[in-house]
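The values are calculated or read from the model by the stated rules, or taken from the named source; none is laboratory data. Just so we're clear, the structure is a prediction, and the values are computed from it rather than from any experiment. In this analysis, Cβ positions are derived from the backbone assuming ideal geometry, glycine residues included, and neighbour counts consider all displayed protein chains. All accessible areas refer to the heavy atoms of the entire protein, side chains included, with ligands and DNA or RNA removed. Shrake-Rupley method; radii C 1.70, N 1.55, O 1.52, S 1.80 Å.
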Amino acid sequence: MNSPLRYTPDTSALEAQQCFHCGEAVRPGDDFAVEIEGQLQPMCCPGCRAVASLIAGSGMGRFYTQRTSFNERPAEPVADENQREFKVYDDPALLDRFSSVLADGRREARLLIGGVTCAACTWLIESSLLRAAGIDGASLNLAQSRLDLSFDPQKIPISEIFARIQALGYRAQPWHSSAQRDQMQSEYRRDLRRLAVAGIGMMQVGMFAIALHAGDLQGIAREYEQLLRAVSLLVTAFVVWFSARGFFEAAWRHLRQRTLVMDLPVALAIGLAFGASAWATLAQRGEVYFDSVVMFTFLLLLARFVEKRLRLRDSLAWQDAELTLPDAVRVRAGDDWELRPRSGIGAGERLMLRSGDTVPLDGQVVAGESAVREDSFSGESLPRRVGPGDSVFAGTLNEGASIEIESTGSYAESRLAALQRSINSARLAKPALASLADRVASVFISVVLLATAITALVWWQIDAERALWVALSVLVISCPCALSLATPASLANSAAMLRRLGVIVYGENALESLAASRDFVFDKTGTLTTGAFRIEQTVKLGSISDRSELLALAAELQRHANHPIASAFSAFETRADIDGVHPVVGAGVEGYWQGRRLRIGSENFCRELAPDLPAHPETPLLWIALVAEGEALAWIGMVDEVRSEAEALIRHLGSQNLRCELLTGDSSERARALGADLAFDRVAIGQSPEDKLQRVVELQAAGAVVTMIGDGLNDAPVLQRADASIAVAGATDLARAQADFVIERGDLEQIARLQRCARRTRAVILQNFSWAIAYNLIGIPAAAMGWIPPWAAALGMSASSLLVVANAARLRYERG
C-alpha cells in the first residue's frame, strides 16, 4: 500500500480543487494527497485517502482513468476495528441464507453491492477480490449490482470479503431477490415521480405559453403577460430543480473530471434556455421558452424511462415467477402423501400436482393426464396436453386433472432457474457495435459543442436576438441518446424473445458474433445425434466368454461417466468389485478390477493398456473397446440415431454460403459417412477435446468468426473459446452449460431460428445507427440555419430516441 505523501497545495488554487476520489471540494489546509499513477492527487478526507491508497497500492490505479463517475465518499477511515460489524455474517445459519456449499467444501455467495456506477467499478472490485487468497471466482453484474463469489471459507471468512469491499469504498450486503427488487422498485418510483412532475409542469406551462402566443397575435395587457411569465418561471424552476437535477449532477461531476458525457449538452440546453427565459422575465423584455424547457425535460425523461423499463422487465418477471412456486409440495412417502418443503426435494421424488397447482420442480409425468399452461415460458396461452412420459417444468400451471410427476432434480437444476441465471449472468465486455457507439458518442459531443459555439457566433453577427435560441436548438436536436440506445435495446429485446422460445441466453452480446459467423463447427454425439445409444453388437475377445459378465464390467465403469454413451449401459447389472473408477475426458473410463487396470472407451485410449487389441469389425457402428491390463476383452458396437432436423439445419446454413465442419471424437467410418451424408464442408473424426479446441483457434487465427455447437459436456473448453457457442442439452444439463446459448431438448430447428434472430438483431442495430446518424446529419444543419425552434428540436430529439426503442422492441415479438 502506498503511504500518503506530504502534499503542499497551491493556495491560489485551493478553491478549485476537488477530491480525486469522490469529487467533493477539498477544504483549505487539508493534507490527504495520494500518489496515483505517478501523480500526486488531492483527497478530501482520511476515508478517501485510505481507499485511494488501497487501490493505488494494489497496482490498480488505472481504475481512475476508466471510471465514468466519481465514487461515493467513505463514511470514515478504513480500519480493522471498524470491520467487526461483518463478523455476524460468519454465522453458519446466516451464511446459508445467501450462499450455498459446493461439493469440495467451497462456497458460492451472492452479494448486493452499493455505489457501483460503471464497468470500471466492476473491474476494480473483481480484480481486488481475485487477488485475495481463497477467492477463486468473482463476477459483478453491473445492471443488477449483484456480485457472485466462489471462495474457500477455510482460507477467507465471508466477513473479510465484506470488509475488503468496504475498504474499496463500496457498500455490500447479502443479496436476496427481494432486496434487489426493492432497490429496483425504489428507483422506479423515483423515476416515475420525476417524470410525473415534468409532465404536469409541461401541461401547465404549455397552457400559459398558448395564452402568451395568443396574446402576441391578439394583444394582451402588460401586467397579465408578466403574470403568466412569472408563474411559468416558478413552475419551470421547480421542474428543473426536481426532474432535471440528475442531468446537471452527472454533467458537472464528469466535467470536473475533464470527461464529456451525453448529459452535458442536455444540461447546457436546459440551463441556458431556463436562464435566458428567467432573465427575459425579470427584465420584462425578450422572448421566453419555458415551454421548451419543460417539454425537453419531460420527453428526455420519458425516453429513458421507457428504455429502462423494457430493459428491466424480464428481470422482474423471472423473479416474480420464482415467487409463485409453492413452498410445500405433496411427496410420496410409502403408501401415503406428505407435505414437505420444496427446497429439500431432489431428483427421483414422486410429487402430486392437483388441478390449479403450480409445478414446483422440473419433472416427468408418471401417472395421469392433464393440460399445462406454459405461457410464462413460450408466450403460448393455449395449454399443452401432457401424459405419462411427458416433461413438465417449474413455474408452469397444471390446469387439468391431478397428475403425478417424478422430479428430475432440485430447483437449481430447473429450466426456470436456468432462465433466471441467464438474465443475471454478467458479461462485462461490450459488443463491438456498442463500444463503437460509445466512442462515436464521446467524439460527437465534442463536435456538437464546437458546432453550437460556431452557430452562436455566426448568428450573433446575423441576428443577436436569435443567436441563443438557434444555438439551443442545435444543442437539443443533437443529443446522442438514440445512438447510445441502438445496441443495448436491440440485444435486450432479442434475448427476451429467445427465452420465450426456449433458448437459454447466457450471453446477449454473443448475438453479434453469431450474426457475423461464417464458420459453424459441430460436435456429433448428442448434438447431431440423439445421444440415446443402444448396444447393437458385442464381440468377445479375451478370457471372459460370458456376455453378461462383460457388460456388467462395462456398466460399472460407465456408471461413473456423464457421456451420453453411458446411458446405454444403465439397464445392465453392475459389479461391486471394481474400485478407483475415474473418467478420462474425451477418451473413456478407467478403474481397477482384481488388481488389474480396466478401461473402456476409444481405441487409442484402450490400446495403451492392451497393445494387442485387434481392429474392430467393419460393421458401421460406433465401437468402443473394453480391455484389462495386457488383455483385450471385447468390442461393443452401438447405434445412435441421427436427429431428424440435422439435414435441414446443415442445408439451411449452406444456403447462406456458411462453412460447416464436423469435429467428432467418434473414429468409426460411420461418423465419416454421416458427415458426407449431411454434406459438411469438412469432416474430422477421432478428435479429442484438445484437437477441437486447436481447430477453432486455427480458424480464429485466420480471421474467421466461429460458432461452436456441442452438447455442453466434454465440449466445454471449445464452447468457451468460440466467438459464439450453442449447447444442445437436456433440461438436467442446463445448470452445467458453459455456452452462450442453450437449446432445450436438442431441437436443432432452434439453431436456425437463433441464427436468423441474430441476423435480424444486427440488422435492427444497423437500422437504428443509420436513423440516428441520418437524423443528426439533417437535423443539426436545419437547426443551425434557424429553421427549427427549440420546442420542435425537443420533440425531434425525443422522437428519435423513442423510435430507436420502438424499433428494437419489434424484436421482442418476432417468432423466428
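On a per residue basis, the convex hull of the C-alpha atoms belonging to region 575-712 measures out at 135 Å³.
Could you work out the per residue convex hull volume over the alpha carbons of region 521-598, in cubic angstrom? Let's see the in-between values first.
Working: hull volume 8.6 nm³, N = 78.
Taking only Cα atoms, region 521-598 has a hull volume of 110 Å³ per residue.
Arranged from highest to lowest average of other beta-carbon atoms within 10 Å per residue, in what order do the peptides 383-389, 107-113, 42-48 appear?
Details: 383-389: 14.0, 107-113: 19.0, 42-48: 22.0.
Going by the mean number of other Cβ atoms within 10 Å, highest first, we get 42-48, 107-113, 383-389.
Heavy-atom accessible area, probed at 1.4 angstrom with all protein chains present, ranks TRP252, TRP787, TRP175, TRP771 as TRP787, TRP252, TRP771, TRP175, highest first.
When ligands, DNA and RNA are left out and all protein chains stay put, how many square angstrom of accessible area per residue does region 751-810 have with a 1.4 Å probe? Numbers along the way, then the final one.
Values: 2460 Å² over 60 residues.
Ligands and nucleic acids excluded, the figure is 41 Å² per residue.
Using the Cβ-Cβ distance between GLU690 and ARG27 with R0 set to 51 Å, the FRET efficiency from 1/(1 + (r/R0)^6) comes to roughly 0.25. Modelled this way, with points 7 Å down the Cα-to-C-beta line, the labels at ALA412 and GLU647 are 4.4 nm from one another.
Heavy atoms only, 1.4 Å probe, whole protein assembly: order TYR224, TYR592 by accessible area, highest first.
On the way: TYR224 130, TYR592 100 Å².
Largest accessible area first, the list is TYR224, TYR592.
Computed over region 518-559, the percent of Cα pairs more than 12 Å apart is 73.
Site pair TRP279 and MET352 shows an inter-label distance of 8.1 nm when each label is modelled 7 Å from Cα along Cα→Cβ. Residue order by solvent-accessible surface for ASP357, ASP263 is ASP357, ASP263, largest first, with ligands and nucleic acids left out and a 1.4 Å probe.
Normalised per residue, the accessible area of region 552-595 is 50 Å², obtained with a 1.4 Å probe and no contribution from ligands, DNA or RNA. Accessible area per residue was computed with a 1.4 Å probe on protein heavy atoms; LEU227 scores about 100 Å².
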